[in-house]
Amino acid sequence: MKNEGIIERSIQIAISAILFLGAFFWVSGIWQVGLLIGAMAIGVFAIIGFCPLYVLIGKESLYSVKKITKGKFLFLFVYTFILLSAGAYGSVFLTKKIFVEDFNAMNKDYKQTLFETGQGKRMESKENYDKLVVSYAIFENKYLVYHPYSLRGDVSFDADLKKIEEIILGAKDGVYNGDLKAMHLEFEKVRPITQDILKRNGFSMLAITLVDFHDSMEKVLDGANAKDAAKVIATYDEANNKLLAVEQEANDVEIQVIRKNLDEILQLAKDGKSDQLPTMAGELKKNFVKVYLIRG
């Protein structure tokens, strides 16, 4: 029994589309099942032109109930397609953005812990480690249950989150009472895991290129700190290529300073000014850390 006009059907289609998109992109578990059932039920009512609420209140459509013509059916079809297409595009973008924001919130505590343990600062290491434990638990608990669309096909994602958890929790005694340099190396094991997660799921982020550059930059810094001009020259090309990738993501003043430092180290090496290499290496390291802690 039809008791709806095209206006009510359009409203039902919009509600059904919202529920379907919510179930597919935004929630999981029992909420996902509930939204899917609701989307299907309301969608069926829209197709047959029936509103159970009107039956309950004993009224007909607010508008005249007329036979839906082929033209109106075509309108409803196009209307549904546009709603689902626009909603799907927006949902993919927003869920990916939210994941990146959640990741960066956790990663900020990780990077600070990594930095402080590398500096051998016990008090600061403990303080930032405690923050990391909390922020990672929040991140892990959320994304073990809910996988955004961009990560839905990643069969290794859950296992990688557990690996990171083991590394972080396993470092507690070392951070509190042990060798901080050893713990710094232990925390370094997290970076390749998170980097791989982002890469294989198509996240094009400045953080990825900064991490890639960091590993090559360290080779240049090792040569510069050892006043080994030959090693600086030999390792420059690799670091240069990685920095070019960073510059494709962002090439503002802070990145340009890193470029200037790296090229000056090369020029000092070529000019045989080995005694000046450690000082310039320190400048490069300082400016890189500044960028990485804030934007990496």
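Exactly which trypsin sites (Lys or Arg not before Pro) in segment 22-123 are in a DSSP loop and have at most 16 other Cβ atoms within 10 Å?
Passing both the DSSP loop test and the Cβ count: LYS59, LYS66, LYS67, LYS121.
Label sites at GLN248 and ILE193, each approximated as a point 7 angstrom past Cα along Cα to Cβ, lie 2.8 nm apart.
Can you work out the PRE-style zone for LYS142? Point 7 Å along Cα to Cβ, and I want the residues of segment 6-44 with backbone N under 17 Å. In segment 6-44, the label zone of LYS142 (backbone N under 17 Å from the point 7 Å along Cα→Cβ) covers 25-29. Taking a point 7 Å from the Cα of LEU36 along the Cα-to-Cβ direction, the residues of segment 70-92 with backbone N closer than 18 Å to it are 88. Taking every alpha-carbon pair under 8 Å whose residues sit at least 6 apart, the chain reaches a relative contact order of 14 percent.
Looking at segment 243-281, which trypsin sites (Lys or Arg not before Pro) are DSSP coil and have at most 13 other C-beta atoms within 10 Å of their C-beta?
Hits after loop and neighbour filter: LYS273.
Tell me whether segment 153-296 comes out rounded, prolate or oblate; compute the Cα gyration tensor, take square roots of the eigenvalues as a ≥ b ≥ c, and use a/c under 1.5 as the rounded threshold. In terms of gyration-tensor shape, oblate. When each of the peptides 151-159, 190-198 is scored by the mean number of other C-beta atoms lying within 10 Å of its residues, the order from highest to lowest reads 190-198, 151-159.
Within the same chain, aspartates and glutamates fewer than 8 places from LYS199 are excluded, and of the rest, those with a Cα less than 12 Å from its Cα are ASP154, ASP212. Sparse packing (at most 15 other Cβ atoms within 10 Å of the Cβ) combined with a DSSP loop state is found for none of the chymotrypsin sites (Phe, Trp or Tyr not before Pro) in segment 182-241. Checking [x] 20.3; [y] 19.5; [z] 23.2 against the coordinates, the calculated Kirkwood radius over Cα pairs in Å falls under label [z].
When the listed pairs LYS111/LYS172; LYS231/LYS270; LYS181/LYS231; LYS96/LYS189 are checked against a 22 Å cut-off, the alpha-carbon distance exceeds it for LYS181/LYS231; LYS96/LYS189. So if I take the centroid of the Cα atoms in segment 146-195 and the same for segment 63-131, what is the distance between those two points in Å? Segment 146-195 and segment 63-131 have Cα centres spaced 22 Å from each other. In this simple spin-label model, placing a label point 7 Å from the Cα along the Cα-to-Cβ direction at both GLU283 and LYS72 gives a separation of 7.6 nm.
For segment 97-203, the square roots a ≥ b ≥ c of the C-alpha gyration tensor eigenvalues yield an a/c of 1.5 or more together with a/b exceeding b/c, which makes the shape prolate. Maximal additional length on extending the ASP173-LEU293 stretch stands at 40.7 nm, based on 0.36 nm per residue less the C-alpha distance. With a Förster radius of 41 Å, plug the Cβ-Cβ distance of ASP102 and ASP215 into 1/(1 + (r/R0)^6) and report the FRET value to the nearest 0.05. About 0.95, to the nearest 0.05.
Just so you know, all these numbers are worked out from the coordinates, no wet-lab data involved. What you see is a predicted model, and the numbers here were worked out from it, not measured in a lab. Cβ coordinates were reconstructed from backbone atoms using ideal geometry, including for glycine residues, and neighbour counts include every protein chain displayed.
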